[in-house]
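Here's the structure we're looking at; comments come further down.
Every number in this text was worked out from the coordinates using simple rules, so none of it is lab data. As the structure is a computational prediction, the values presented were derived from the model and not from experiment. Here Cβ is always computed from backbone atoms with ideal geometry, including for glycine, and neighbour counts include all displayed protein chains.
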């Protein structure tokens, strides 16, 4: 039974980290992908998205204000092209409780990455 069990365990050439949200693959060319799949399935239907995510959309409107389209584009690029280098998003306000940390948490939760504020780098978030 021991040898039979061991032969049933998948074998890989190694590990890789391939960020992909829309066409996620756990195995990439014989390598085990340590990047985590996002916890939701994006919908391509544009008609009802405003009705389906009113809280999220209002939150993004609150954060980006007049630059809402820029904020939505930024989030769309994060979803569709996760390896694309983007400008650093700096949210600045003298006021407290404006939602700055909530944006950080939203990106962290939805894209399964964690930004290490002390070392200024993204790290893979374990499940």
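Using 0.36 nm per residue of separation minus the Cα-Cα distance, give me the extension gain between residue 56 and residue 22 in nm, one decimal.
On the way: separation 34, 0.36 × 34 = 12.24 nm, distance 1.98 nm.
This chain segment gains 10.3 nm when fully extended.
Please work out the FRET efficiency for the pair residue 11 and residue 85, using the Cβ-Cβ distance as r and a Förster radius of 41 Å; give the result to the nearest 0.05. Show your work: numbers first, answer last.
Details: r = 34 Å, r/R0 = 0.83.
Result of the calculation: an efficiency of 0.75.
Students often check this: by mean Cβ neighbours within 10 Å, which of 89-99, 14-24 ranks highest, and how do the rest follow?
Values: 89-99: 9.4, 14-24: 13.0.
Taking the mean over residues of other Cβ atoms within 10 Å, the ranking is 14-24, 89-99.
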